[in-house]
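Colleague: First the structure, which I've put down as structure tokens, then a few questions once you've had a look.
The values are calculated or read from the model by the stated rules, or taken from the named source; none is laboratory data. No experiment lies behind these values; they were computed from the predicted model shown. Glycine gets a Cβ as well: all are built from the backbone with ideal geometry, and neighbour counts include every protein chain shown.
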Amino acid sequence: MKIGFQSILYGRRFGDIERALDEIASAGFRGVEFAQSPAMLRRDGVANIQILLGLLRERNLELVGLAGGTLRERMDFCGDPTLLRYLYVEDEDPVWDEVWKRGFKLALHPHLFMRIHRLEDASKLLDKPENQKLLFLPDTAHLALVGDDPVKAIRDYGKRLAAIHLKDWAPEFGRYSHRYARGFVELGKGIVKWDAVFEEIGKRMKTRVDDKDLWLIVELDSSRTSTWTSVRECAQWLSNRPECRFPTPMSEPRSFSTGVFHAPAPPPRVIPMEKELEFRRRLTDASTKGSGTFYHEVARAYHELIPCDLTQIWILTPSEERLDLVGYYADGAQQPVTWNHLDCGPGAAQRPLFASVVDTLEPQAFNLADTSEGSRILDKPLFDHLIKTFDAVGGPSGPVMLSIPVSNTWNSHHLRFVVNLFPKASWLHSLAALENGFAANNSVPALKASLSPLLDELDNLSMAVSPEADSVLDERCLAAAGRIQRFIPSRGASRDAFPKFFVQAVSKSLNSEAAALFRVHSRLNRLEWSASVPERSVWNEHLTAGEQFYEMDENRNTSKAWALGEMRFRATEQRRIEWKSREMTSHPERDDCIFAPIFSLRRREVIGVVRCTNKEMEFNPPGPVATDASRMFTDDDAAVLDAIIQAGRPIFDQLEIQEEQIATLGKIVHEFQFPLVAIRGAADLMNLSFKHGPHKSAKDFFGEDYVDDIFQWTEILGRHVDNADIFRQSYQGNLPIRTSPTLLMSQVIAPAVRQVALLLREYELPAQAIGYDSFSYIPTLDVDRNQMQQVIFNLLSNSIKYAIDRRHFRVTMSGSRMGGSFVIRYADYGPGIDAKYKELIFKPGFRSPDAHERNVSGQGLGLSVVRSIIEAHGGTIEIGKERDPMVFIIRLPQSLAMKSNP
Amino acid sequence: MKRILLVDDEKLPSAYYRKALEMSGGYQVVWAAGPDAALQAAEQRAFDAFILDIMMPPGSAFKDEDTRDGLRTGVFLVKRLREIYPEVPIIMLSIVKNDEILRECKSVPGVSVLSKLEFHPVKLIEELNARLKP
């Protein structure tokens, strides 16, 4: 095998190509796959393929492949197909036949967020009979990221491999399910299982018949340190793997130059330095102002760099092949706003004029008066408006649009947005006057030629724009994720609390009209409404809990796209619900929706879906007014939503685990209750039998009333089972209260005290130490008698378990009326509690350190159940005093008093 | 001697109730393990009271109803029995805690709903005595 390097690390344009190739060669690589397009290579001084080959030969490097620029451009640049291994492609193209006819080889690379991103997608193309010449170029990280196994890709297409991209990826907070994919890291630092990959490569090498030289191409999109550090790090890693037989990299890059190549001299400046500095300053300022303002400020910064009639910023959303207008700045009258998004895909019926800029990432100038180009403008009203109103001059030059691509910081081959400038004609003329060609004949080609130095400069400047845009997006992501991370589950948080909080955070962070969360109901295998903002949103009319609106396949993924964590699907003409993902993509004109699956970290399955509709917004008038200009969700919004979901995933998982445990608890409770009922029935029957028999009672027969003991123990057991059941019910938010007229003293306290009689015997504590004061101030109350008994039982049971000894054991209960409440005061002369645990002891599962130390049994449910019951009655419970005695104050609202009471 | 129809699919626990009712004197208990046997018994002879469980297999009588795996069988049975015996007291005795189901049972006239966890045999007899006071 031979190991080469992908030059994408050096950006869309090398700048210093010799230095870059020196680094690659010094690290020990033997070939290069170029990411830079022929046009960019030319700007670096590589006028033709011979110069490129010369540069490679000096460094003992081979030309492996060309990946940048259009296929035709690359073929024309190469001329001879034997000079390289392959041309890189990401999707089908009508040009393929011509490519093969001219003798070139094509290598298909499945790529994240492109149409062909999974092995399955690639297979469809590779397996077509007419594509048997197509070679395969799998990428370890791209495949691993979409859940495919790179090993399988290598195994399945061993004989058709053009090369293998060795790339690694490590999770970076919140930022991977969208196109700003960062997280690509030096080999060995990420998720790719390299041992398996290399083992499979070893096996495939043996089966390759005609071409033993399989190229492995190391790829890294960007470096966090320096290019040399990253290149060398990858090389070092390879040299540590014996199967790679890779040399130890040099410690410093050396220069291989033989002095034949001369880098081109920089052209004279078109934009004055002070203007450029001002431009950069404006960008930095704007990056702190939030995304709405930021894009307007970017437009304004360009506007002041070059005097323009209108400046626009279009964000690309590649999975939708759509451009969204997110910012603009105009001189004079308010601009027409009939347009706010454009379909830019190759098949789009109304592909915008500047779509070629999106495809090639080359800045271009367009003459709007040129009918052949003008007719391709999508936003006809804007076009007409420009022709009519703007500072247009006569003659063939007409109004001009400069289109500048701004690429992504983390992978300069991906577009972030396009800046369209409509320069003032007077300014263009003064610029053109400096240029010979334009001044001489005023023709369209001459105009374009005269503008090319300006376009180059603008292109270079655009490199300064994307990091600022990234930092704006980072801020949004962090803020959004921070919202989620601030969620603190409240005491016994019901399962509804987090979903509500979550959709609120989504709605706020995305500036959406509405947001909703649907969670997977595993048993029924469907998605159910869980929470939405606003609560009475349009969806609720159609979607009540339990209503099914997505069908899931057997893998419990609603669609393939969900399985990948892809998120953008737009709503169709109406918001009715039998939406399937396919339908959603087909009518982009109307309500914009964003959908995102929530993946469980622990189960690798979709556990829920967030859905969000954009705010219907009018454009604000141009000027320094903060606004979110796009009516569609952009990729930036998708990134923010992703950040929220990433932050929420652990909490959703936690919720799920809790819900499963609680459901299990419910089943266990039921299993306990059945035998409990039976034991009591049998004991009861035994008592009756004695009554009718010769002994008259169990005590008479046994000497002790063991049957009554059975009864009492079942009651204690029943109370413990009830604790679990009440805990479950209050967690699920449906603790039922069955009220009946109840006297606290005789119907609650006395029975509860009777129930702990056996516990007192067990702990050898005197029953008479439990005392009561007058409860005469509390009338008959309408409460759940059994639950109130549970309250007193739990308090007593704690007092008994924690009692220090029989001399100190004492409990007193008293009732009074205070303010608007009936108050039960429960005083316990036991060990008391530390002030810092005053609130904590009511939390489910909390047990004081004392409990552990003294080996007191229990699950920490008792007091949380007490509080749940009291609160379900509209009352409160708190610690009134921490020790000597420790006092619980239970307040019940006066409204519980029976109406018949005086 | 009052005649009681006790409908409960749990054989042993219901046998304790049955035995206790009989020992207490004054009650003759017919036991039915499910709605089918219960309806058959109810058609054949007259009863002074019914004691019904709620959660039971639906039997052929209610197999087409939405009993939610038997959780709500008693709801259908009590309504059917009420049609046949408009006046006779009915006690529903169960460990079911679902409020909706309990409400549905209570909505049938002359029905009281008791928890098995609270009403062990002796207590049930007291309740029954009170209900059937001449």
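Colleague: So which of A:ALA678, A:ALA647 is facing chain B (nearest Cβ under 8 Å) and surrounded by 15 or more Cβ atoms within 10 Å (Cβ to Cβ)? It would help to see each step written out before you state the result.
Modeller: Numbers: A:ALA647 fails: facing chain B (nearest Cβ under 8 Å).
Just a single option satisfies the conditions, and that option is A:ALA678.
Colleague: Please go through the stretch B:86-118 and give me each residue that is in a helix (DSSP H, G or I) and over 15 Å from the mean Cα position of the chain (by Cα), ordered by number. Don't jump to the end; show me each part of the working.
Modeller: Kept after step one, since they are in a helix (DSSP H, G or I), are these residues of the stretch B:86-118: B:99-106.
B:ASP99, B:GLU100, B:ARG103 - these are the residues of the stretch B:86-118 that are in a helix (DSSP H, G or I) and over 15 Å from the mean Cα position of the chain (by Cα).
Colleague: Hey, another quick one. So which residues in the stretch A:309-328 are more than 26 Å from A:SER509 (Cβ to Cβ) and modelled with pLDDT of 85 or more?
Modeller: Narrowing the stretch A:309-328 to residues more than 26 Å from A:SER509 (Cβ to Cβ): A:309-311.
Across the stretch A:309-328, the qualifying residue is only A:THR311.
Colleague: Name the pairs whose Cβ atoms lie under 6 Å apart, with the first residue in the stretch A:117-137 and of a type in the set (Lys, Arg), the second crowded, with 17+ Cβ neighbours inside 10 Å and assigned to a loop (DSSP other than H, G, I, E, B), and 6 or more positions between them or separate chains?
Modeller: As it stands, the answer is A:ARG118/A:VAL146; A:ARG118/A:ASP148, since those pairs meet every condition given.
Colleague: Say whether the condition of being within 14 Å of chain B (Cβ to nearest Cβ), under 57 Å from the mean Cα position of the chain (by Cα), surrounded by 14 or more Cβ atoms within 10 Å (Cβ to Cβ) and farther than 22 Å from A:GLY860 by Cβ is met by at least one residue in the stretch A:681-692.
Modeller: Applying the first criterion (within 14 Å of chain B (Cβ to nearest Cβ)) to the stretch A:681-692 yields A:681-692.
When the remaining residues are screened for being under 57 Å from the mean Cα position of the chain (by Cα), the result is A:681.
After this cut, where a residue has to be surrounded by 14 or more Cβ atoms within 10 Å (Cβ to Cβ) as well, the list is A:681.
Still in the running and farther than 22 Å from A:GLY860 by Cβ: A:681.
Taking every residue of the stretch A:681-692 in turn, at least one turns out to be within 14 Å of chain B (Cβ to nearest Cβ), under 57 Å from the mean Cα position of the chain (by Cα), surrounded by 14 or more Cβ atoms within 10 Å (Cβ to Cβ) and farther than 22 Å from A:GLY860 by Cβ.
Colleague: In the list A:PRO272, A:PRO242, A:PRO268, A:PRO253, which residue meets the criterion of being loosely packed, with under 12 Cβ neighbours inside 10 Å, out of contact with any Leu (no Cβ under 7 Å at 6 or more places or on another chain) and either touching a residue at least 12 places away in the same chain (Cβ under 8 Å) or within 30 Å of A:SER509 (Cα to Cα) (or both)?
Modeller: None of the other options fit; the residue is A:PRO268.
A quick yes/no check of all residues on (1) in contact (Cβ under 8 Å) with a residue 40 or more places away in the chain; (2) buried (at least 22 other Cβ atoms within 10 Å of the Cβ):
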residue: A:GLU762; (1), (2): no, no
residue: A:GLY771; (1), (2): yes, no
residue: A:PHE775; (1), (2): yes, no
residue: A:ASP782; (1), (2): yes, no
residue: A:ARG785; (1), (2): yes, no
residue: A:GLN790; (1), (2): yes, yes
residue: A:ASN794; (1), (2): yes, yes
residue: A:SER799; (1), (2): no, yes
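Colleague: Moving to a separate point now. Could you pull out the residue among A:TYR10, A:TYR86 that is in contact (Cβ under 8 Å) with a residue 60 or more places away in the chain, more than 23 Å from A:TRP228 (Cα to Cα) and among the aromatic types (Phe, Trp, Tyr)?
Modeller: Working: A:TYR10 fails: more than 23 Å from A:TRP228 (Cα to Cα).
The match here is A:TYR86.
Colleague: Considering each residue of the stretch A:290-308, count those that are of a type in the set (Ser, Thr, Tyr) and modelled with pLDDT under 85, and give that number. Please lay out each step first, then the result.
Modeller: As a first pass, look at the stretch A:290-308 and keep what is of a type in the set (Ser, Thr, Tyr): A:291, A:293, A:295, A:302.
With modelled with pLDDT under 85 added as a condition, the list becomes A:291, A:293.
Looking only at that region, the number is 2.
Colleague: Out of B:GLN40, B:GLN28, report the one residue that is in a helix (DSSP H, G or I), among the polar types (S, T, N, Q) and on the phi < 0 side of the Ramachandran plot. If you could, list the steps in order and put the result at the bottom.
Modeller: Numbers: B:GLN28 fails: in a helix (DSSP H, G or I).
The unique qualifying residue is B:GLN40.
Colleague: Sticking with this one: Could you tell me whether B:GLU118 is within 14 Å of chain A (Cβ to nearest Cβ), touching a helix residue (DSSP H, G or I) at 6+ places or on another chain (Cβ under 8 Å) and of a type outside the set (Ser, Thr, Tyr)? Show your work before the answer.
Modeller: Details: within 14 Å of chain A (Cβ to nearest Cβ): yes; touching a helix residue (DSSP H, G or I) at 6+ places or on another chain (Cβ under 8 Å): yes; of a type outside the set (Ser, Thr, Tyr): yes.
Answer is yes for this residue.
Colleague: Identify the single condition in (1) at pLDDT 90 or above; (2) not in a loop (DSSP other than H, G, I, E, B) that A:GLY202 does not satisfy, given that it satisfies every other one.
Modeller: Against the list (1) at pLDDT 90 or above; (2) not in a loop (DSSP other than H, G, I, E, B), A:GLY202 comes up short only on (1).
Colleague: Of all the residues that make up the stretch B:121-130, how many are within 14 Å of the chain's Cα centre (by Cα) and either more than 10 Å from chain A (Cβ to nearest Cβ) or free of Cβ contacts under 8 Å to residues at least 24 places away in the same chain (or both)? Walk me through it before giving the result.
Modeller: Here is the first cut: in the stretch B:121-130, the residues within 14 Å of the chain's Cα centre (by Cα) are B:121, B:124-125, B:127-128.
Filter once more, so that each one left must be either more than 10 Å from chain A (Cβ to nearest Cβ) or free of Cβ contacts under 8 Å to residues at least 24 places away in the same chain (or both): B:127-128.
Total satisfying the criteria: 2.
Colleague: Here's another thing I want to ask about it. Say we look at the stretch B:12-27 and pick out the residues that are within 11 Å of chain A (Cβ to nearest Cβ) and aromatic (Phe, Trp, Tyr); which of these is nearest to B:HIS120 (Cα to Cα)?
Modeller: The initial filter retains those residues of the stretch B:12-27 that are within 11 Å of chain A (Cβ to nearest Cβ), namely B:12-25.
With the extra rule that they be aromatic (Phe, Trp, Tyr), the set shrinks to B:16-17.
Working: B:TYR16: 9, B:TYR17: 8 Å.
Per the criteria, the residue is B:TYR17.
Colleague: Among the numbered criteria (1) within 14 Å of chain A (Cβ to nearest Cβ); (2) part of a helix (DSSP H, G or I), which one does B:GLU83 miss?
Modeller: (1)
Colleague: Any idea which residue in the stretch B:65-88 is modelled with the highest pLDDT, counting only those that are closer than 20 Å to B:ALA33 by Cβ and among the acidic types (Asp, Glu)?
Modeller: B:GLU65
Colleague: Follow-up question, since we're still on this one. Take the residues of the stretch A:162-175 that are under 16 Å from A:ASP139 (Cα atoms) and either in a strand (DSSP E or B) or of a type outside the set (A, V, I, L, M) (or both): which is modelled with the lowest pLDDT?
Modeller: Within the stretch A:162-175, the first condition is being under 16 Å from A:ASP139 (Cα atoms), and the residues that meet it are A:162-170.
Next, from what is left, pick out any that are either in a strand (DSSP E or B) or of a type outside the set (A, V, I, L, M) (or both): A:163-169.
Values: A:ALA163: 94, A:ILE164: 96, A:HIS165: 97, A:LEU166: 97, A:LYS167: 95, A:ASP168: 92, A:TRP169: 86.
Result: A:TRP169.
Colleague: Return the only residue of A:GLN755, A:GLN747, A:GLN732 being surrounded by 16 or more Cβ atoms within 10 Å (Cβ to Cβ) and either modelled with pLDDT under 90 or closer than 27 Å to A:ASP850 by Cα (or both).
Modeller: The match here is A:GLN755.
Colleague: For the list (1) charged (D, E, K, R); (2) under 14 Å from the mean Cα position of the chain (by Cα); (3) more than 14 Å from chain A (Cβ to nearest Cβ); (4) in a loop (DSSP other than H, G, I, E, B), I need the number of the one condition that B:ASP9 fails.
Modeller: (3)
Colleague: Hand me the list of helices (runs of 4 or more DSSP H) wholly inside the stretch A:688-798 holding 2 or more residues that are of a type in the set (Ser, Thr, Tyr). Break it down stepwise before answering.
Modeller: On the way: elements: A:698-702, A:706-731, A:750-755, A:757-762.
The helices (runs of 4 or more DSSP H) meeting that bar are A:706-731.
Colleague: List every residue pair whose Cβ atoms sit under 6 Å apart, with the two residues 6 or more apart in sequence or on different chains, where the first one lies in the stretch A:663-675 and is more than 11 Å from B:ILE95 (Cα to Cα) and within 11 Å of chain B (Cβ to nearest Cβ) and the second, anywhere, is modelled with pLDDT under 90 and surrounded by 15 or more Cβ atoms within 10 Å (Cβ to Cβ).
Modeller: A:GLY666/A:ARG728
Colleague: Just wondering, is there one or more residues in the stretch A:61-77 that are of a type in the set (Val, Ile, Thr) and either in contact (Cβ under 8 Å) with a residue 24 or more places away in the chain or in contact with a strand residue (DSSP E or B) (Cβ under 6 Å, 6 or more places away or on another chain) (or both)? Full working, then the answer.
Modeller: Residues of the stretch A:61-77 that are of a type in the set (Val, Ile, Thr), as a first pass: A:64, A:70.
Remaining after also requiring either in contact (Cβ under 8 Å) with a residue 24 or more places away in the chain or in contact with a strand residue (DSSP E or B) (Cβ under 6 Å, 6 or more places away or on another chain) (or both): A:64, A:70.
Yes, the stretch A:61-77 contains at least one residue that is of a type in the set (Val, Ile, Thr) and either in contact (Cβ under 8 Å) with a residue 24 or more places away in the chain or in contact with a strand residue (DSSP E or B) (Cβ under 6 Å, 6 or more places away or on another chain) (or both).
Colleague: Separate question: Among the residues of the stretch B:86-115, which ones are among the hydrophobic types (A, V, I, L, M, F, W, C), within 14 Å of another protein chain (Cβ to nearest Cβ) and farther than 21 Å from B:ARG3 by Cα?
Modeller: Hits for the stretch B:86-115 are B:ILE95, B:VAL96, B:ILE101, B:LEU102, B:CYS105.
Colleague: Considering only the stretch A:693-713, state which residues are within 14 Å of another protein chain (Cβ to nearest Cβ) and within 23 Å of A:VAL756 (Cα to Cα).
Modeller: Selection gives A:SER697, A:ALA698, A:VAL707, A:ASP708, A:ILE710, A:PHE711, A:GLN712, A:TRP713.
Colleague: Hey, can you tell me all the residues within the stretch A:100-119 that are in contact with an Asp or Glu (Cβ under 8 Å, 6 or more places away or on another chain) and either at pLDDT below 90 or not in a loop (DSSP other than H, G, I, E, B) (or both)?
Modeller: Just the residues of the stretch A:100-119 that are in contact with an Asp or Glu (Cβ under 8 Å, 6 or more places away or on another chain), to begin with: A:108-111, A:113-116, A:118-119.
Once the filter is applied, which keeps residues that are in contact with an Asp or Glu (Cβ under 8 Å, 6 or more places away or on another chain) and either at pLDDT below 90 or not in a loop (DSSP other than H, G, I, E, B) (or both), the stretch A:100-119 yields A:LEU108, A:HIS111, A:PHE113, A:MET114, A:ARG115, A:ILE116, A:ARG118, A:LEU119.
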